[in-house]
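One structure is given here, and the rest of the page talks about it.
The values are calculated or read from the model by the stated rules, or taken from the named source; none is laboratory data. All figures in this text were calculated on a predicted structure; none of them were measured in a lab. Positions of Cβ are backbone-derived with ideal geometry, glycine not excepted, and every protein chain shown enters the neighbour counts. Ligands, DNA and RNA are excluded from the accessible area calculation, which covers all protein heavy atoms including side chains. Shrake-Rupley method; radii C 1.70, N 1.55, O 1.52, S 1.80 Å.
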Amino acid sequence: MAKYLVQNNGPLRGEVVISGAKNAVLPLLAATILADEPCEILDVPPLRDVDVMCRLLRSVGFDVVEDYRVGRVIVSPQKIINDEVPRELVKQMRASILAMGPLLARSGRAAMASPGGCTIGARPIDLHLKGFRAMGAVTTESADPDAPTVAEAKQLMGGRVYLDFPSVGATENIMMAATLAQGSTSIENAAQEPEIVDLANFLNKMGAKIKGAGTDSIRVEGVPSLHGATHTVIPDRIETGTFMVAAAITRGDLTIHNALPNHVKAITAKLLDCGVSVEETDDGFRVRGDLQPLNPTDIKTMPYPGFPTDMQPQFMAFLTTVEGSSSVVEKVFENRYMHIRELQLMGARIATEGNNAEIQGGYGLKGARVKATDLRAGAALVLAGLVAEGVTEVSNVHYVERGYADFTGKLKRLGARIEKVED
Ligand code: EPZ
């Protein structure tokens, strides 16, 4: 297994270009299952999770050409030879579940091992299945964890579904399946993330009839088939936020290109709250943490447009360096505090009670051997390592590389001292 060696090398300064969004490109690739012509996705980030999704598409019979030199993936539909997604792919990547709706709509059946939980939570798929049933599918889940979960429907019919929680994946899966249903489908209490709008834009380019994506009420009028389309992935708002926080935690001065201010309003608001300077530029931001002493703040993670749960670990790492008391409340996942123990090993003063965390910042961090427990926790530990005294060893960095393209390269070009070594 590989690890990063990170050392404090002063404030980060310079320019960074944000890559295409992991959490947009995965549903976009899954959506190509719905098309009966080739689709071309551009600005695809070279990530492991993208490769897993491409392998999934091949496993069900599609021809996939990945060209990361130019950030392009072309998916050409063939006859769906297999409606069961291989177990090892689902286990490697929970987002494999996003192929279920398209497979069900296209072939009348979709079977996949339950993705199961991960370190941040149980991650159930009940809302995905509830949506498929609302469109007339029969779903079967077996008590045997090795048996696949199956959804079947000769022809999906339009229906109405209310999501008990505005689940991103469930909204995406149901929206994709509904594009080929007979009649209209409405999704109430839908998630409103920008990745859902990007997916709806791509599906509408393919001939779907979707209205309301980005609001809590989405309407889909089913059509008989979808043709091919070309689409450029939106920039990654969580990578954007991660580099904004990198400027804050190192008291640096970063110019961030290929970023959409509209997608990171909650992060910007909280950084401004702390006294970080955030100026919009014509293609992103200039973020400065070096202009004045910074002050603590409180964050509560919520579904979009609230403060994103995927930025909670990174922001917490930053708050440990700001003098005074800050609080964090994690409202989306039930176990997204695994990074706290690791930050405490670095000397952070964080106390937790349930999903509340109280941070006493400004006591300094010291290098330690820590481990990434999930993608964003890993990024948070790297950020902490940039300002800790001595060397920080972050292990399990495969988690980080699932979601950040060329993370060490981008950081090095900003003046960070970070090396990847085999454990
Ligand atoms: C997406 O996961 C993202 N992943 C996650 O990013 C992100 O943290 C999450 O949305 C929330 O924003 C991708 O887009 C590939 P959810 P998803 O369904 O769709 C509960 C990262 O770091 N729930 O919105 O799986 C669930 O338990 C990753 O890039 C149900 O109860 O998230 C959780 O508490 C991590 N039943 C809450 O909803 C369901 O059927 C949010 O989950 C589905 C979800």
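Just to verify a result, which residue in segment 67-86, among those that are crowded, with 19+ Cβ neighbours inside 10 Å and modelled with pLDDT of 95 or more, is farthest from residue 227 (Cα to Cα)?
Looking at the filtered set, the residue picked out is 71.
Looking at segment 244-295, which of its residues are assigned to a loop (DSSP other than H, G, I, E, B) and of a type in the set (Lys, Arg)?
Correct list: 251 only.
Results for (1) buried (at least 16 other Cβ atoms within 10 Å of the Cβ); (2) more than 12 Å from the ligand (Cβ to nearest atom); (3) polar (S, T, N, Q); (4) on the phi > 0 side of the Ramachandran plot, shown as yes or no for each residue.
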{"position": "106", "(1), (2), (3), (4)": "yes, yes, no, no"}
{"position": "114", "(1), (2), (3), (4)": "yes, no, yes, no"}
{"position": "126", "(1), (2), (3), (4)": "no, no, no, no"}
{"position": "137", "(1), (2), (3), (4)": "yes, yes, no, no"}
{"position": "140", "(1), (2), (3), (4)": "no, yes, yes, no"}
{"position": "147", "(1), (2), (3), (4)": "no, yes, no, no"}
{"position": "160", "(1), (2), (3), (4)": "no, yes, no, no"}
{"position": "163", "(1), (2), (3), (4)": "yes, no, no, no"}
{"position": "174", "(1), (2), (3), (4)": "yes, no, no, no"}
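Residue check: is residue 64 in contact with a strand residue (DSSP E or B) (Cβ under 6 Å, 6 or more places away or on another chain) and surrounded by fewer than 22 Cβ atoms within 10 Å (Cβ to Cβ)?
yes
Could you grab the pairs with beta carbons closer than 7 Å, sequence gap of 6+ or different chains, first residue in segment 187-204 and within 20 Å of residue 158 (Cα to Cα) and small (Gly, Ala, Ser), second one open to solvent by 10 Å² or more (accessible area, probe 1.4 Å) and within 15 Å of the ligand (Cβ to nearest atom)?
Going by the 7 Å Cβ cut-off, the qualifying pairs are 190/166; 190/216; 191/166; 191/167; 191/168; 191/303; 191/304; 200/213.
Condition test on residue 323, is it surrounded by fewer than 20 Cβ atoms within 10 Å (Cβ to Cβ) and under 20 Å from residue 301 (Cα atoms)?
no
Output the residue which, of all residues in segment 191-242 that are assigned to a loop (DSSP other than H, G, I, E, B) and within 16 Å of the ligand (Cβ to nearest atom), is farthest from residue 74 (Cα to Cα).
216
If you check 338, 311, 316, which single one turns out to be within 12 Å of the ligand (Cβ to nearest atom) and either touching a residue at least 60 places away in the same chain (Cβ under 8 Å) or within 17 Å of the chain's Cα centre (by Cα) (or both)?
Only one candidate passes the filter, namely 311.
Of these, 378, 354, 403, 409, which one is within 15 Å of the ligand (Cβ to nearest atom) and free of Cβ contacts under 8 Å to residues at least 12 places away in the same chain?
None of the others qualify; the one that does is 354.
Report the residue count in segment 23-61 for those that are open to solvent by 20 Å² or more (accessible area, probe 1.4 Å) and over 29 Å from residue 108 (Cβ atoms).
Count: 4.
Could you say which residue among 358, 401 is touching a strand residue (DSSP E or B) at 6+ places or on another chain (Cβ under 9 Å) and closer than 22 Å to residue 20 by Cβ?
Result: 401 is the single residue among 358, 401 that is touching a strand residue (DSSP E or B) at 6+ places or on another chain (Cβ under 9 Å) and closer than 22 Å to residue 20 by Cβ.
Checking residue 302 against (1) open to solvent by 40 Å² or more (accessible area, probe 1.4 Å); (2) in contact (Cβ under 8 Å) with a residue 40 or more places away in the chain; (3) out of contact with any Ser or Thr (no Cβ under 7 Å at 6 or more places or on another chain), only one condition comes out false. Which one?
(2)
Residue 17 passes all but one of (1) farther than 23 Å from residue 198 by Cβ; (2) touching a helix residue (DSSP H, G or I) at 6+ places or on another chain (Cβ under 9 Å); (3) more than 16 Å from the ligand (Cβ to nearest atom); which number fails?
(1)
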